[in-house]
Amino acid sequence: MTARETLLGLTGGASALLLVAVGTSLYRRDHRHGILYFLVASLLGFVFFRKRKVALVVGGLSCILGLVSLSFPFHPSFAGLVLLLGSAAALSLMIRWRYKKYPYLSFKHVHTVFEGEEAMAAENARIEAEAREVTKKRPYGPWLFR
């Protein structure tokens, strides 16, 4: 990953942690800090992830999953368990949805996630057209020679 992609991932994680802080602030009835955290998280999400919603969700959920899974064995609580299982389920559902929407993109095309939805759709269409051409050339598969 490039430095830009790493910084975007860290920014997504920071905005996700700010949203967790919103929940805890509202639970403690500290509405002023909760609103401030929400505004900062919304600003970060809008400025950096306007066209990169998949990167924001995956970066944020993986940050929460990583941090909660490290602290849960030492500080077990029901809220921690719900956060752990919820972030794991949401991350797996997000990855499944992305695979169904863009079936030709693989781990080799991780850079297109940070370029935005349009770039992902264009790269998926390019790979699909390339696969169709290979199928036309070799209708019985690339492993058989004629």
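The values are calculated or read from the model by the stated rules, or taken from the named source; none is laboratory data. Since this is a predicted model, take the numbers as computed values, not measurements. All Cβ positions, glycine included, derive from the backbone under ideal geometry; neighbour counts span all protein chains shown. To get the accessible areas, we keep the full protein, side chains included, count just its heavy atoms, and leave off ligands, DNA and RNA. Shrake-Rupley method; radii C 1.70, N 1.55, O 1.52, S 1.80 Å.
Just how many pairs of Lys in the chain have C-alpha atoms closer than 19 Å, counting pairs that are eight or more places apart or on different chains?
Lysine pairs meeting the criterion: 4.
If r is the Cβ-Cβ distance from Val40 to Arg126 and R0 is 35 Å, what FRET efficiency results, to the nearest 0.05? According to the calculation, E is roughly 0.40. Only helical runs count toward this figure. For the chain, summing -39,500 (n - 2.57) over DSSP H runs of n ≥ 4 and dividing by all residues gives -26000 deg cm²/dmol at 222 nm.
Split the accessible area of the chain by element, probe 1.4 Å, and carbon with sulfur accounts for 69%.
Over all projection directions, the Cα-based convex hull of the chain averages an area of 11.5 nm². Averaging the Cα positions of each part gives two centres, and for region 60-80 and region 11-38 these lie 16 Å apart. Model label sites at Arg98 and Val47, defined 7 Å from Cα along the beta-carbon direction, differ in position by 2.4 nm. Annotation: per residue accessible area for the chain equals 71 Å², rounded to a whole number [probe 1.4 Å, protein chains only].
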